[in-house]
Amino acid sequence: MFTTQGLFAKGDGGGRRTLLRNSSFLRSRRTQGLKGRGGHREGERVRGPMGLRTLSTKAGRQTTLGDRATVAGIGVHTGLPVTLTLHPAEAGTGVTFVRCGVDGRPELEIHANARSVSATELATVLGDGTGPGISTIEHIMATLCGLGVDNAIVELDGPEAPIMDGSAARFVEAVDRAGIVRLAARRRFTKVLKPVRVIKDEALGELRPYEHGFRVDVEIDFDHPLIGRQEFGLDVEPASFRREIARARTFGFMRDVGRLWSSGYALGASLENTLVLSEDRVVNPEGLRFADEFVRHKVLDAVGDLSLAGAPILGAYRSVRGGHQLNHAVLCALIADPTAWTVVEAPAPRVRAHADVAAGLVAPAYGAEVS
Ligand SMILES: [Zn+2]
């Protein structure tokens, strides 16, 4: 069954669910994910650990994970050890974060959407106003969005997602271990109907209608000899996400370290998880993974931040000199204007001839508007 939970359906009262009482989350913890219940009750595995088949993010049916997968590391800001476990979730769940206490009991549950964002200064933080939230969610969110996972429970045993190597690579590996399964419910999208723009000082961000799926273009301009002005853009699809974006690491400047530390940030930052720049060079001995790794990482962040629309965006995003704050502001501006977007549902899957399958993916023909 599909619900509008997680979408900004007009008049939707909020994002919290009752997973802690009810849920596929607890069921998933007791079993081994969907597989543990005697095979794929509803799902059909579309990608195994080898990632041989690419599932279009524009495909018609919702997806979730085929199994659980865990990654462990430290938070880049808190410096605290944390374990993150991805769980399968039912259609219509979207992405929900569950933070568990030291006793393993769930103590905070937050649906990942723009209304749940409580801070965007140095990372994107979800919170419900009752206490510490869940920080630095953008890379795991980008991974789920980029690989086309609609529904998942993200369980954490600390207040911040692990930074791993500073990129989304370890999260991509985790999703590959879990596999992705299709569910019966049709996918819904947040379709941009008209341009929405936010300008703040020298930063500019905008979302525009785009007929070919979800596109992100980012331009950065840093007064640093190794960065300067860089541009990168792509249509966000699992294959392009993996190849171009997922491995780009977060970066920081030596000159900022003292100030960050004294404000209680970046306590876990190191050369293991951050590309560090001195005045004239990359400090990390291994150097850059891409010549323009900086702007690629900004694209990764934007994909994660915009995935908080609650349903995958059909539209093109462009940011100039932006960051988490701008990404969030543009998403909020979109949501605030009910004439600027609508929810569309993917057309019902049709029986495909072998020729269609061989040719790859069916061209999207987005269905009737359902909002
Ligand atoms: Zn980032």
Problem - Criterion violated by GLY131 - all others in (1) crowded, with 20+ Cβ neighbours inside 10 Å; (2) over 27 Å from GLU237 (Cα atoms) satisfied - result: (1)
Completion exercise
Only one of (1) more than 18 Å from the chain's Cα centre (by Cα); (2) within 15 Å of GLY148 (Cα to Cα) does not apply to ALA174, and that is (1)
Practice task
List every residue pair whose Cβ atoms lie under 7 Å apart, where the two residues are 6 or more positions apart in sequence or sit on different chains, the first residue falls within segment 235-258 and is not assigned by TED's automatic domain parsing to the domain that holds GLY166, and the second residue, located anywhere, is within 16 Å of the ligand (Cβ to nearest atom) and of a type in the set (Asp, Glu).
Solution key: ALA248/GLU293; ARG249/ASP165; ARG249/GLU293
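Only residues that are touching a Lys or Arg at 6+ places or on another chain (Cβ under 7 Å) and either of a type in the set (S, T, N, Q) or within 20 Å of VAL102 (Cβ to Cβ) (or both): list them for segment 129-158, please.
As a first pass, look at segment 129-158 and keep what is touching a Lys or Arg at 6+ places or on another chain (Cβ under 7 Å): 134, 150, 156.
Those that are touching a Lys or Arg at 6+ places or on another chain (Cβ under 7 Å) and either of a type in the set (S, T, N, Q) or within 20 Å of VAL102 (Cβ to Cβ) (or both): ILE134, LEU156.
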Problem - Single residue of GLY367, GLY360 found to be modelled with pLDDT under 90 and surrounded by 16 or more Cβ atoms within 10 Å (Cβ to Cβ) - result: GLY367
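Out of curiosity, is ILE335 within 14 Å of LYS191 (Cα to Cα) and buried (at least 22 other Cβ atoms within 10 Å of the Cβ)?
Details: within 14 Å of LYS191 (Cα to Cα): yes; buried (at least 22 other Cβ atoms within 10 Å of the Cβ): no.
Here the answer is no, as ILE335 does not meet what is asked.
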Handout entry: Out of ARG289, ARG249, sole residue that is within 15 Å of the ligand (Cβ to nearest atom), buried (at least 20 other Cβ atoms within 10 Å of the Cβ) and part of a loop (DSSP other than H, G, I, E, B)
Key = ARG249
Practice task
Answer yes or no as to whether GLY166 is of a type outside the set (Lys, Arg), within 16 Å of the ligand (Cβ to nearest atom) and buried (at least 24 other Cβ atoms within 10 Å of the Cβ).
Solution key: yes
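The values are calculated or read from the model by the stated rules, or taken from the named source; none is laboratory data. No experiment lies behind these values; they were computed from the predicted model shown. Quick reminder, even Gly has a Cβ in these numbers, built from the backbone with ideal geometry, and neighbours come from all protein chains shown.
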